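The values are calculated or read from the model by the stated rules, or taken from the named source; none is laboratory data. Just so you know, these numbers come straight off a predicted model, no measurement behind them. So basically every Cβ, Gly included, is an ideal-geometry build from the backbone, and we count neighbours across all protein chains shown.
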Amino acid sequence: MDMFVVHGGRRLRGRVRVSGAKNAALPILAAVLASDGPTVLQGVPDLVDVTTLCQLLTALGVEVSRERCPSNSADQPENAPAEPVNGPGLDTGLDTADACVPAGESPTEDQDQYVPFPFGVGEADDSVHTRVPALKLEVINSGPCLADYELVRRMRAGICVLGPLLARRGRACVSLPGGCNIGDRPVDLHLKGLAALGAELRVERGYIFACARRLRGAKIYLGGPFGSTVTGTCNVMTAAALARGVTTIEAAACEPEVGDLGNYLNRMGAKISGLGTPFLHIEGVESLAGCEHTIIPDRIEAATLMIAAAMTRGDVVLENIAVDHMTAVIEKLREIGVAIETVGHAARVTVRRDLLPADCIMLPYPGLPTDVQAQLMSLLTTVSGISIITDKVFPDRFMHAAELARMGASIRREGPSAIISGVPDLSGASVMASDLRASAALVLAALAAQGDSVIHRIYHLDRGYDRLEHKLNDLGAGIVRAQDVPLNMPASLSINPAEMLPADDGGHELRGPKWLRSRENLKIHAPEEA
Ligand code: EPZ
C-alpha cells in the first residue's frame, strides 16, 4: 500500500491540464452495454475506477481495448463537451466540431492501434502532457448478466450497468453497492425508476435481480429526500432510451455528467431532450449504434486544483476546463477572495488579498457540489474568522474533519454542518484518507501546512484522480509516493523524548506543576490521581 509524503509550504506555479470527468466516464462506459457496434471514447481519465469498470464490462461480454500511446498534447482535442445531437441539450457555448462523428457512422477500424484490456493504470504514460489514449469498446457477447459483488463493492458506480443491461439484454443481476464512508447511499430511486419502466425486480442475497421482456415508456418522478440522484438518473435514462414509447423523468439530476451521458446516447441514436434540466423527455428507440465521443472535463478535479493554488497562495493556470460547469464553485471561491480569471477553456487562479470566511451549502447541481466540500473545508481552516459548511446531499460526509484537526484545524460538527474557526497555520502530521475527496482535502492541507505530512491510504485518491501528484509536482509541490512502511516515515514526524519536556523548565520531570495545569485544562487525569 502506498502513502504520500508531502513537504508543505511551497507555492504552486505554472500550467496544469484537467483530465476528463470520472463521473461522466463511468456511466458512459456502462452505457456501452446498451449499444451495438464499436464505441471510441476520447478523454477517459486514467483511474483505478475506470479500470475496475473495464474489468466489469469485460466480464459482461464487452471487448475493451486502449489506443497505443497517442501523439503528444500539441494536437490533442479539448475535452470540450460536444454539441447535443438532437433535442434541446446542455448548452455549454464551447466549440467542439473536431470531437464529433455524426450518429450512425462507426469509428475507423485499426486493430494495431489498440491494446486489448487489461491494461494497468498509469501504464500509458505518466507524463501529464500526453493525451490520454482513447478507449475502444464493443459488445461481443450479450450472454452474461451478472455484475459480481467482488467488483461492485470496489466501486459504487458499478450500479450503472443495471439500466443498460436490463434495457439491452432484458435481464440483470447486479450486486448492491454496500456501505460507504461518506454516508447512507441507498439505490431505492434507481429501482423505483426501473420498476416504472416495467421491470420486475427483487433484492436477494445482496443482489438486485431484474428482468423485463421489453421496457415501456412511463412518467417517472425521481426526486429523493436529498434531491435528485445522479447515477439513478443515468440508469433510468439509459434504460428509457431503449424502452417502447415515451418516458418523462421529473426531478432528474442536472449534473453536467448526466448531460454528457445523454449526449453520448443521443449520438448513438437516442432521442433525449431536456438534458441539464430536471425534466427529461425520452422517446424510446429500437437500438443504439456505437459512436465516437469525448468525455467532458472534470469539474471536481478542476475545483481541487483551484483550491490547491489558493491554499498555497500560488499562481496557476488550469487548461481544458468547462467554465460553465463551475459557476457555483468559481463564485464561492471569488467570494472567499480568490482571484479567478477565465478565458475560453482556461482559468488563472491567484490570491492577492486576505481571504474571507464563508458560509457554504452543498447542494445538487447547479449548487455547490458535495464533491468539493472537503477541499473547501481545507481552504477555510486557515482563513481567519468563522466559516460554516453544510452538506445537504451527504449530511454525514465529514470523515476528513477529524484528520484536518490532527493538523491543527479547529472544526466543530453540528449535525449536517461543520463550524470552522480559522487558524493561522496548519502543521504537518500523519493523517489517514477515508474516501476519495477526503484524501484530496488532506493533500491540499498538507501542501499548505508547515513541515512534512504523511497521508496514508492514498488508494482512495487513485480511484478518482488522474496522476494528481504528478500534476501538483509539475506545479512545484513536493509530493513523494512511497510504500507505506515505517522506514519511509519522514524524521520530522517522529517525536523525540526531548520534545516532551516543557521548554522553559530546563529538563524537569514530566510531573511539574505546569503540566498538571494543562492536563486539568484538557481534563486528562495524571496516573497517580486516579
Ligand atoms: C454521484 O453519486 C457521484 N458519483 C458522487 O461522487 C457524488 O457525490 C453524488 O453523485 C452527488 O453529486 C458518481 O457519479 C459515480 P446520488 P450517486 O444518487 O449517484 C440519496 C465522488 O467523489 N439517494 O446523486 O451515488 C443519496 O443517499 C463521488 O466522485 C437516495 O436516497 O449519488 C444522497 O444523499 C462520491 N436514494 C443523494 O440522494 C437513491 O436511490 C444523492 O445521491 C439514490 C440516492
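Computed values, structure above
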read-out	value
Hits in the stretch 319-332 - residues which are buried (at least 16 other Cβ atoms within 10 Å of the Cβ) and within 22 Å of residue 20 (Cα to Cα)	319, 320, 321, 322, 323, 324, 325, 326, 328, 329, 330
For residue 476: the one exception among (1) part of a helix (DSSP H, G or I); (2) modelled with pLDDT of 95 or more	(1)
Cβ pairs under 6 Å, 6+ apart, first in the stretch 382-406 and not assigned by TED's automatic domain parsing to the domain that holds residue 358, second in a helix (DSSP H, G or I) and within 14 Å of the ligand (Cβ to nearest atom)	none
Looking only at the stretch 213-251, and only at residues there that are away from the ligand (no atom under 16 Å from the Cβ) and assigned to a strand (DSSP E or B), the one that is surrounded by the fewest Cβ atoms within 10 Å (Cβ to Cβ)	219
Listing of strands (runs of 3 or more DSSP E) fully contained in the stretch 265-374 that carry 3 or more residues being within 22 Å of the chain's Cα centre (by Cα) and more than 16 Å from the ligand (Cβ to nearest atom)	315-319, 346-351
Criterion (surrounded by fewer than 19 Cβ atoms within 10 Å (Cβ to Cβ), in contact with a Cys (Cβ under 9 Å, 6 or more places away or on another chain) and more than 11 Å from residue 306 (Cβ to Cβ)) met by exactly one of 366, 357	366
Count of the stretch 178-190 residues which are surrounded by 21 or more Cβ atoms within 10 Å (Cβ to Cβ) and either closer than 20 Å to residue 460 by Cα or away from the ligand (no atom under 16 Å from the Cβ) (or both)	1
Filter pass, residue 162 being surrounded by 19 or more Cβ atoms within 10 Å (Cβ to Cβ), within 23 Å of the chain's Cα centre (by Cα), part of a strand (DSSP E or B) and at pLDDT 50 or above	no
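Residue by residue, here is whether (1) more than 16 Å from residue 402 (Cα to Cα); (2) at pLDDT below 95 holds:
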site	(1), (2)
427	no, no
431	no, no
434	no, no
441	no, no
472	yes, no
486	yes, yes
491	yes, yes
500	yes, yes
515	yes, yes
